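Each remark here refers to the structure printed beneath this line.
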Amino acid sequence: VVTQAIADYIRIKASRPSGNGVVIGYDNRFMGERFAETAAGVLAGNGITVYLSKASTSTPALSLAIKQNKFTGGIMVTASHNPPQYNGIKYKADYAGPADPEIIKAIENFLGRGPIKSISLEDARKAGLLKDLDLNKPHLKFLEGYLDMKLLKKMKAACLVDVMYGSGNHLIETLLKGTSLRIKTIHSELNPGFAGVPPEPIEKNLKDLIAMMKSGKYDIGLATDGDADRIGAITAGGRYISSSQIIGLLLVHFIEDKKWTGAVVKTISGSFLIDEIAKAYGLKLYETPVGFKYICDLMIKKDILIGGEESGGIGFKDYVPERDGSLAGLLLLEMMGCRKKPIGRILDEIEKRFGKFCQYRIDMEYPDKKKAALFSRLKDKPPAQLLGKKIVETKTYDGIKFISEDKSWLLFRASGTEPILRIYCEARSEAGGKKLAELGRSLAS
């Protein structure tokens, strides 16, 4: 039903002709390949040429294929970081990034409006409407050209990569094969149940990676989510590096080590650390609602150096307007090589220069019918202070965010994909961050 709506959108409204074809990819979720084949049959049934990935792939590899081949669009069968019982479709537009709200609305308007036209894969191949395409090799080749491979080849460091049973597969290990870097990949076998852990690279889901990092055998730990567009990182010794800290690290790496320029994008749930770095270097900073589609829009229209989300999705200059978890991890390795220091020490130095900001997030099961009442209450009777600090600003353009005089803040947002309330906060110390998170929980109860 969804693919038929996409086919109708492509034939009637897409800005690039449908004759350019549509690429379809899938990750390691249950029945992913079968869903991808079903979508291929529907597109071919509508006379649209389909390029079907030869193997499970990542979302950034699919988006890169759209850019390199000038495809009309792309369908990625994935539920990204969501729990194993979920699956879904991401539609990528001809600009090689997440479909904007206008495109999504147009596709939704076609849902169920007409009969589903579908043909068998055999008939599609005979008609020349279905072709197999390797998405992973071109992605690897692009990354080789984007990174300083000479530097990486000389590095003597050990890296542990947790792909969380997702479609990051062995990409980082393959790219760095033959270098002096020692790479070990874990959780790379096929397991559509993800061993009972949602494939989201946040601290509570990375217990195995953190335990192995505490052994002292590795210099950095990297983790990618179900479709490998998000990143998580761990220092030697097992300290979790938040996504906002990763954005801060890579922003400094781009400015100081690579001498790149451009503006910066963060979402409403992003850290003040990013503000402080942008301010120190005189870079323009944009703030958007949560959702990479908003960052993508700015990456298309402006000269953006880096744009990222609190949830681990980060996009980079001179690429596609898309997140890439594997590339983000490789850039952290590159930064270590440039500075000849462990990632933990680099982070300590950056926090010493720009300030320490500790972020926390709580995900509460929260029925949709309760969400409206909560947000109404928070708007009508907002707290006057956060842990004794006066609230000086309130933002309501995505959820509701209270910012206090010392730049600590508390944000309430409803998940767009699950019956969950997300509570985000940031303080200048770990103890303060934990207290703020608990304050948020009590305000929502």
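The values are calculated or read from the model by the stated rules, or taken from the named source; none is laboratory data. Predicted model only: the values in this text are computed from it and were never measured. Here the Cβ positions follow ideal geometry from the backbone for every residue, glycine too, while neighbour counts run over all protein chains shown. The accessibility values were calculated without ligands, DNA or RNA, using every heavy atom of the protein model including side chains. Shrake-Rupley method; radii C 1.70, N 1.55, O 1.52, S 1.80 Å.
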ask   = part of a loop (DSSP other than H, G, I, E, B) and surrounded by fewer than 16 Cβ atoms within 10 Å (Cβ to Cβ) - does that describe any residue in segment 342-350?
value = no
key: Some residue of segment 324-336 being of a type in the set (D, E, K, R) and out of contact with any Leu (no Cβ under 7 Å at 6 or more places or on another chain)   = yes
request  = Within segment 150-160, work out how many residues are aliphatic (A, V, I, L, M) and open to solvent by less than 10 Å² (accessible area, probe 1.4 Å).
outcome  = 3
key: Matching residues in segment 90-103 - criterion: being surrounded by fewer than 18 Cβ atoms within 10 Å (Cβ to Cβ) and touching a residue at least 24 places away in the same chain (Cβ under 8 Å)   = 100, 101
inquiry  = Return the residues of segment 38-87 that are among the hydrophobic types (A, V, I, L, M, F, W, C), assigned to a loop (DSSP other than H, G, I, E, B) and without any contact (Cβ under 8 Å) to a residue 60 or more places away in the chain; say none if nothing qualifies.
reply    = 71
ask   = Scanning for something surrounded by fewer than 23 Cβ atoms within 10 Å (Cβ to Cβ), in contact with a strand residue (DSSP E or B) (Cβ under 7 Å, 6 or more places away or on another chain), among the hydroxyl-bearing types (Ser, Thr, Tyr) and assigned to a helix (DSSP H, G or I), does segment 294-306 turn up at least one residue?
value = yes
key: Which numbered condition residue 112 fails, given (1) farther than 30 Å from residue 170 by Cβ; (2) open to solvent by 40 Å² or more (accessible area, probe 1.4 Å); (3) not in a loop (DSSP other than H, G, I, E, B)   = (3)
inquiry  = Within segment 359-369, does at least one residue satisfy the condition of being among the charged types (D, E, K, R) and in contact with a helix residue (DSSP H, G or I) (Cβ under 9 Å, 6 or more places away or on another chain)?
reply    = yes
task = Six or more apart or on different chains, Cβ under 6 Å: which pairs go from a residue in segment 4-32 that's at positive phi to one that's outside any strand (DSSP E or B) and of a type outside the set (Lys, Arg)? Could you list them?
result = 21/49; 21/71
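For (1) of a type in the set (Ser, Thr, Tyr); (2) open to solvent by 20 Å² or more (accessible area, probe 1.4 Å), each residue gets a yes or a no:
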site: 162; (1), (2): no, no
site: 170; (1), (2): no, yes
site: 179; (1), (2): yes, yes
site: 182; (1), (2): no, yes
site: 189; (1), (2): no, yes
site: 196; (1), (2): no, yes
site: 201; (1), (2): no, no
key: Matching residues, segment 324-341, being open to solvent by 20 Å² or more (accessible area, probe 1.4 Å) and charged (D, E, K, R)   = 339, 340, 341
request  = Go through (1) under 27 Å from residue 413 (Cα atoms); (2) touching a strand residue (DSSP E or B) at 6+ places or on another chain (Cβ under 6 Å); (3) hydrophobic (A, V, I, L, M, F, W, C) and name the single condition residue 273 misses.
outcome  = (2)
task = Take segment 1-53 and flag every residue that is of a type in the set (D, E, K, R), more than 21 Å from residue 190 (Cα to Cα) and under 24 Å from the mean Cα position of the chain (by Cα).
result = none
request  = Determine which single condition residue 223 fails, assuming it passes every other condition in (1) under 18 Å from residue 334 (Cα atoms); (2) hydrophobic (A, V, I, L, M, F, W, C); (3) in contact with a Pro (Cβ under 8 Å, 6 or more places away or on another chain); (4) open to solvent by 10 Å² or more (accessible area, probe 1.4 Å).
outcome  = (4)
key: Matching residues in segment 369-383 - criterion: being modelled with pLDDT under 90 and over 24 Å from residue 204 (Cβ atoms)   = 369, 372
task = Within segment 19-41, work out how many residues are open to solvent by 10 Å² or more (accessible area, probe 1.4 Å) and either farther than 21 Å from residue 60 by Cβ or polar (S, T, N, Q) (or both).
result = 8
request  = For residue 319, state whether it is in contact with a Leu (Cβ under 6 Å, 6 or more places away or on another chain), open to solvent by less than 60 Å² (accessible area, probe 1.4 Å) and of a type in the set (Ser, Thr, Tyr).
outcome  = no
request  = Please identify the pairs in which a residue from segment 415-436 that is open to solvent by 60 Å² or more (accessible area, probe 1.4 Å) has its Cβ atom under 7 Å from the Cβ atom of a residue that is hydrophobic (A, V, I, L, M, F, W, C), counting only partners at least 6 apart or on another chain.
outcome  = 428/357; 430/358; 435/387
query = Within segment 252-277, can you find the residues that are over 17 Å from residue 332 (Cβ atoms), of a type in the set (A, V, I, L, M) and touching a residue at least 60 places away in the same chain (Cβ under 8 Å)?
reply = 268
